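Since the structure comes first, as structure tokens, the remarks are kept for the end.
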Amino acid sequence: MFKDHLKKISSTAIAMIIFSLVASAALSSFYFITKSPIDESDAKAKRIFLNQVIPADLYDNNLVKDTISVEPTPLLGNKRNIDIYRAKKNNQVIAVIIETVAPDGYSGEIKTLVGIDQEEKILGVRVITHKETPGLGDYIEIDKSQWIKNFDLKSLDKISEKKWAVKKDGGDFDYISGATITPRAIIKSTYKCLLYAKENKKRLFTS
Amino acid sequence: MSEIKKIALDGFWKQNPGVVQLLGLCPTLAVTTSMINGLSLGIATAIVMAVSNASVSPIRKFIPTEIRVPVFILIIASLVTIIDFSIHAFIQPLYKALGIFIPLIVTNCIVLARVESFAAKNETTSSFFDGLFMGLGLAMVLTLLGGFRELFGKGTLLSGIDLILGPSASNLVIHFFGDYHGFLLAILPPGAFIGLACLIALKNRIETR
């Protein structure tokens with residue numbers, strides 16, 4: 001009786017092991033086949049994205065590879081180390097792209113990339129991820145509206161601290177009524193990002 | 001031949017996974033914010049269903065009954081991961097758009113349901129067609145629902161088609177109203193429930209005639 005049970009159990013276990021082995025083999029071979037295309041397409045997507053923030057004709061280095069790692073700092077809102085991309089021309093850093101987290105979106109964090117040139121002017125801002133209400137707060141995406149281009153060429157010198165706000169709060173920035181929390185969060189995080197670039201100018205722009 | 005016809009009729013109409021069996025509601029409700037999203041996830045699901053049905057059926061006699069569910073899940077999960085890798089490697093924008101929902105096909109009950117109730121009992125050819133047509137039936141519902149929600153929510157159809165066919169396809173997007181501010185409810189999750197309910201009601205109405 002006991003022997004019969006044992007036989008049955010072990011044959012079932014062996015069947016399970018064989019199926020697992022076959023599945024693992026299939027998965028790992030597919031992983032290796034697709035690994036380099038995946039890396040390539042990720043890097044390509046990243047490059048296209050970074051080029052929206054800093055135009056490709058301004059620099060001549062491999063932006064995706066040329067990064068410095070930055071520890072968590074309250075001005076950028078990052079909780080882990082993040083990479084700052086440096087755009088160089090003739091080995092001179094001409095602009096940086098900084099990942100910035102706005103913690104106070106309408107529903108959670110909004111991550112943006114901010115491109116800043118060596119005169120501390122904004123070259124461009126793009127939203128990487130957000131959880132804002134679709135159809136309402138998502139006009140911060142470039143696919144949905146041109147709003148995010150409001151930041152282009154703005155700087156701390158041109159706009160005083162008080163004007164870094166939506167028009168409703170006495171600032172310089174447009175917004176869509178019914179969704180003011182979202183732009184407020186981004187304006188604040190972009191402003192803080194500029195402060196960060198000013199304070200760390202030496203570190204960011206020395207080649 | 002008539003058997004395959006019967007399977008197709010079941011998948012698209014009589015036993016449609018989306019509006020009759022009501023299985024696989026997680027993607028049905030979550031992804032259908034636009035027609036293209038619905039269609040692409042639908043097609044991905046159909047591929048998974050056809051392939052998993054076709055691979056379970058020939059080995060069904062070797063799978064001990066006690067462990068059939070874990071083995072089925074193992075096979076489905078591996079196939080989904082392979083498809084996930086492939087989309088990530090070769091159709092990056094689509095990967096970005098569908099994101100988390102491709103791995104979620106594993107948890108879609110309809111895939112396991114068809115393997116368990118059909119592929120485990122039938123020949124390989126008919127199992128393959130069962131998976132394919134059930135999947136396409138679901139894809140049809142996802143596309144319709146996505147189309148309705150997109151039309152009412154944003155006033156467009158086919159937005160995001162450029163993610164699949166390349167940037168030149170973006171002029172295929174149809175804008176119905178010049179200055180449409182959108183109807184938020186249709187895009188939010190409740191809109192998915194209401195839309196699905198309307199589809200089920202419509203199907204039942206045609207049926208009772």
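The values are calculated or read from the model by the stated rules, or taken from the named source; none is laboratory data. Fair warning: this is a prediction, and the values are worked out from it, not measured in the lab. Cβ atoms come from the backbone with ideal geometry, glycine included; neighbour counts cover every protein chain shown. The accessibility values were calculated without ligands, DNA or RNA, using every heavy atom of the protein model including side chains. Shrake-Rupley method; radii C 1.70, N 1.55, O 1.52, S 1.80 Å.
Descriptive notes on the structure:
- For A:Leu50, the conditions (1) in a helix (DSSP H, G or I); (2) away from chain B (no Cβ under 14 Å); (3) over 13 Å from the mean Cα position of the chain (by Cα) all hold with the exception of (3).
- Extreme residue, farthest from the other protein chains (Cβ to nearest Cβ), among residues of segment B:172-209 that are in a helix (DSSP H, G or I) and of a type in the set (Gly, Ala, Ser): B:Ala201
- Filter pass, A:Leu21 being under 27 Å from B:Ile82 (Cβ atoms), open to solvent by 70 Å² or more (accessible area, probe 1.4 Å) and either assigned to a loop (DSSP other than H, G, I, E, B) or of a type in the set (A, V, I, L, M, F, W, C) (or both): yes
- Subset tally (residues that are more than 16 Å from the chain's Cα centre (by Cα) and closer than 22 Å to B:Pro93 by Cα) for segment A:86-136: 3
- Pairs, first more than 16 Å from B:Thr65 (Cα to Cα) in segment A:1-23, second open to solvent by less than 100 Å² (accessible area, probe 1.4 Å) and β-branched (Val, Ile, Thr), C-beta under 7 Å, six or more apart: A:Ala23/B:Ile75
- Taken over segment A:61-89, the residue count meeting the criterion of being hydrophobic (A, V, I, L, M, F, W, C), part of a loop (DSSP other than H, G, I, E, B) and farther than 15 Å from A:Ile110 by Cα is 2.
- Leading residue by the ranking (nearest to the other protein chains (Cβ to nearest Cβ)) among those in segment A:133-178 that are open to solvent by less than 50 Å² (accessible area, probe 1.4 Å) and over 21 Å from A:Leu113 (Cα atoms): A:Gly171
- Whichever residue in segment B:26-59 is farther than 29 Å from A:Ile18 by Cβ and open to solvent by 20 Å² or more (accessible area, probe 1.4 Å) and, among such residues, is modelled with the lowest pLDDT: B:Cys26
- Condition met for B:Ile105 (open to solvent by less than 30 Å² (accessible area, probe 1.4 Å), of a type in the set (Val, Ile, Thr) and farther than 29 Å from B:Lys14 by Cα): no
- A:Gly108 meets each of the listed conditions (1) more than 10 Å from every other protein chain (Cβ to nearest Cβ); (2) at negative phi; (3) open to solvent by less than 60 Å² (accessible area, probe 1.4 Å) apart from (2).
- Single unsatisfied condition, B:Tyr95 versus (1) modelled with pLDDT under 90; (2) surrounded by 23 or more Cβ atoms within 10 Å (Cβ to Cβ): (2)
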